[in-house]
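S.K.: What follows is a single structure, and I will ask about it in a moment.
The values are calculated or read from the model by the stated rules, or taken from the named source; none is laboratory data. Treat the numbers as computed from the prediction; the structure is a model and nothing was measured. Neighbour counts run over all protein chains shown; Cβ positions are idealised from the backbone, glycine included. Side chains are part of the model used for accessible areas, which takes the heavy atoms of the whole protein and leaves out ligands, DNA and RNA. Shrake-Rupley method; radii C 1.70, N 1.55, O 1.52, S 1.80 Å.
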Amino acid sequence: MASQPNRKIAAAVVREDAEQKQRLLDRAFALAFKGLVYAQIWEDPVVDMEALAIEPGNRIATIASGGCNVFSYLTADPAEIVAVDLNTAHVALNHLKRVAVQRLPDYDSFRRFFAEADNVANIADYRTFVRPHLDETSRRYWEGRDLVGRRRINGFASGLYKRGLLGNFIGLAHLVARLHRIDLKRFLDAKTMEEQRAIFDAEFAPFFDRKLIRWITDQRSSLFGLGIPPAQYDALADGKPMADVLRGRLEKLACDFPLEENYFAWQAFGRGYGKGRAAPLPPYLHADHYAAVRARADRVTMLHANMTDMLAAADAASFDRYVFLDAQDWMSDVQLTALWAEVTRTARPGARVLFRTAAEPSLLPGRLPGDLLSRWEYREEESLGYTRRDRSAIYGGVHLYVLKGA
């Protein structure tokens, strides 16, 4: 039923030992998180692959989210990627991407389907090439209807990246900005980083000083659209007004990277990847990676599962790389300890773990038992560099841990 949150999501985010108000907010987030959240994942896969140093033959355990990073990792030639997600919509999206890259007739049709995702030809291609090979559960999802009655697959004809919780949030941000006579799309006219800075300073930065914006962003539910639950909201704020924090993160997104290289900025300010062959794209959508991604797509194993449970069922010393996105921000100390116990048990020599946090510091010290954390080396300087280079700009920290004794 639409009114019931996904049980796996609720188990992950609802703090049953918290006060009633906090539990109610957690349950509201679990309900909001039930549908499609991320049509595009908001972690930089280029940074991921640099940090992970994926080698041919590696087995990777990762959270799937929108799948951009999962399929981008295939360019590094791993033996297998086990991608798990609590959200059934994300599982269906990853299945769709896998079948699409395998079955669509050529790169142009694949690029149009996911890079543009707003062309009626995509629906005909879905029916002809993708639908016959899609698993029944995913097919039912895409051919079903969303809360406003739209058939989900039709998002690929009208603009997939304008849908989902994040897409709706970005759309609302554009609407609020227009009501304040700010056109966010104007940012895409910038030709240099100096112009990007000038637009941000003159138009975007003052927006966060408005009383209404500061009041709205002080509400924990205001960031549900970014996929940020109440527990993570506190870590992101870190005692500061949320409007100031968001201004700082938007400043990095707008000013620290050339616009022609940063597809995250295009998504934020243009609600899509842009048009034409010069548009910046995640690695799995690059023409020069198409053949490799297509040939290796069957190496992705998709599971609707909790990461800890999946690892608990795996053999000892069976994974080389782990990617947790920002999921640990949601976890209690007990959940963190259970996860890292399984990571340590299943890690092969030289294993690497990559994750992000809303706040700047790593969240593991003081929360994991000392004997467990001592098995892992924190690459602090490298992590600071990855954080600086993460083009998505929304996270406070990108953190790399490497198993000792390798």
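S.K.: So how long is each side of region 148-255 along the principal axes, counting just the alpha-carbon atoms, biggest first, in Å?
M.R.: 40, 38, 23
S.K.: Something else now. In Å, the Kirkwood hydrodynamic radius of region 166-217 over pairs of distinct alpha carbons?
M.R.: That comes to 11.8 Å for region 166-217.
S.K.: Give me a comma-separated list of calculated 3J(HN,Hα) values for region 326-335, in order, Karplus coefficients 6.51, -1.76, 1.60 applied at θ = phi - 60°, integers in Hz, x for any Gly or Pro.
M.R.: After applying 6.51 cos²θ - 1.76 cosθ + 1.60, I find 10, 4, 5, 4, 7, 8, 7, 4, 5, 5 Hz.
S.K.: May I pose another question? Gaussian network model of the chain, Cα springs within a sub-10 Å range: biggest mean-square fluctuation belongs to which of LEU339, LEU175, LEU373?
M.R.: LEU175
S.K.: Could you give me the ³J(HN,Hα) list for region 62-71, computed from phi with Karplus coefficients 6.51, -1.76, 1.60 and θ = phi - 60°, whole Hz, x at Gly and Pro?
M.R.: 9, 7, 6, 6, x, x, 4, 6, 3, 6
S.K.: Please build a GNM for the chain, connecting alpha carbons under 10 Å apart, and tell me which residue among ARG178, ARG294, ARG214 fluctuates the most.
M.R.: ARG178
S.K.: ³J(HN,Hα) across region 109-119 via Karplus (A = 6.51, B = -1.76, C = 1.60, θ = phi - 60°), whole Hz, x for Gly/Pro?
M.R.: 5, 5, 4, 4, 5, 10, 7, 9, 6, 8, 10
S.K.: Same structure, new question: Quick one: grab the alpha carbon gyration tensor of the chain, order the square roots of its eigenvalues as a ≥ b ≥ c, and give me rounded if a/c is under 1.5, else prolate or oblate depending on whether a/b is larger than b/c. Before the final figure, lay out the partial values.
M.R.: Details: a/c = 1.30, a/b = 1.05, b/c = 1.23.
Cα axes put the chain in the rounded bin.
S.K.: Under the rule that an exposed site lies in a DSSP loop and has at most 16 other Cβ atoms within 10 Å, name the longest stretch of the chain with no GluC sites (Glu not before Pro) of that kind, not counting the sites themselves.
M.R.: Longest stretch, sites excluded: 20-406.
S.K.: If amide hydrogens are placed 1.01 Å from N in the peptide plane, which non-local residues have theirs closer than 5 Å to the one on LEU325?
M.R.: Correct list: ILE63, ARG356.
S.K.: Ok, one more. How would region 178-327 be classified by its alpha-carbon gyration tensor: rounded, prolate or oblate, with rounded meaning a/c under 1.5 and the a/b versus b/c comparison settling the rest?
M.R.: oblate
S.K.: How many nm is it between the label spots at THR137 and ARG345, if each spot is 7 Å from the Cα in line with the beta carbon?
M.R.: It is 2.3 nm.
S.K.: Give the long-range amide H neighbours of ALA190: residues separated by 5 or more places, or on another chain, with amide H under 5 Å away, using H modelled in the peptide plane at 1.01 Å from N.
M.R.: Here nothing satisfies the definition.
S.K.: Residues of region 78-100 with the amide nitrogen closer than 19 Å to a label point 7 Å from the Cα of ALA295, along Cα-to-Cβ, please.
M.R.: Residues 78-81, 98-100 qualify, since their backbone N sits under 19 Å from the label point.
S.K.: Report, for the chain, the % of DSSP beta bridges that are antiparallel, rounded to 5.
M.R.: Bridges in the chain that DSSP calls antiparallel: roughly 35 percent.
S.K.: Would you mind getting the accessible area per residue of the chain, heavy atoms of the protein chains only, 1.4 Å probe, in Å²?
M.R.: 43 Å²
S.K.: Put a dot 7 Å past each Cα toward the Cβ at LEU147 and ARG127; how far apart are the dots in nm?
M.R.: 3.0 nm
S.K.: Give me the accessible area of SER374, 1.4 Å probe, in Å² rounded to the nearest 10.
M.R.: In the full protein context, SER374 sits at about 60 Å².
S.K.: Roughly what % of DSSP beta bridges within region 272-406 run antiparallel, to the nearest 5? Provide the component values of the computation, followed by the final result.
M.R.: Working: 9 of 13 bridges.
Taking every DSSP beta bridge with both residues in region 272-406, the antiparallel ones total about 70 percent.
S.K.: Here's another thing I want to ask about it. Show the residues, 5+ positions off or on another chain, whose built amide H is closer than 5 Å to the amide H of VAL300.
M.R.: For VAL300, whose amide H was placed from the backbone, the distant partners under 5 Å are ILE81.
S.K.: Using the Cα atoms of region 103-184 to build a convex hull, what is its mean projected area in square nanometres?
M.R.: Here the figure is 6.4 nm², rounded to one decimal.
S.K.: Next up: Gain in length, GLN335 to LEU188, computed as 0.36 nm per residue apart minus the alpha-carbon separation, to one decimal in nm?
M.R.: Extra length available between GLN335 and LEU188 comes to 48.7 nm.
S.K.: Using only the alpha carbons of region 348-406, determine the length spanned along each of the three principal axes and report them from longest to shortest in whole angstroms.
M.R.: 32, 23, 17
S.K.: On a C-alpha basis, how far is the centre of region 92-136 from the centre of region 139-160 in Å? Whole number, if you could?
M.R.: 14 Å
S.K.: If you don't mind, another one. Report, in deg cm²/dmol and to the nearest 500, the calculated mean residue ellipticity at 222 nm for the chain, where each DSSP H run with n ≥ 4 adds -39500 (n - 2.57) and the sum is divided by the residue count.
M.R.: Rounded to the nearest 500, it is -12000 deg cm²/dmol.
S.K.: While we're looking at this one, here's another question. Which percent of the accessible heavy-atom area of the chain goes to carbon and sulfur, probe 1.4 angstrom?
M.R.: Carbon plus sulfur share of accessible area: 53 percent.
S.K.: Expected output is a single nm value to one decimal: the length gained when fully extending between LYS240 and ALA198, i.e. 0.36 nm times separation in residues minus the C-alpha distance. What is it? Could you put the intermediate results ahead of the total?
M.R.: Working: separation 42, 0.36 × 42 = 15.12 nm, distance 2.54 nm.
Here the answer is 12.6 nm.
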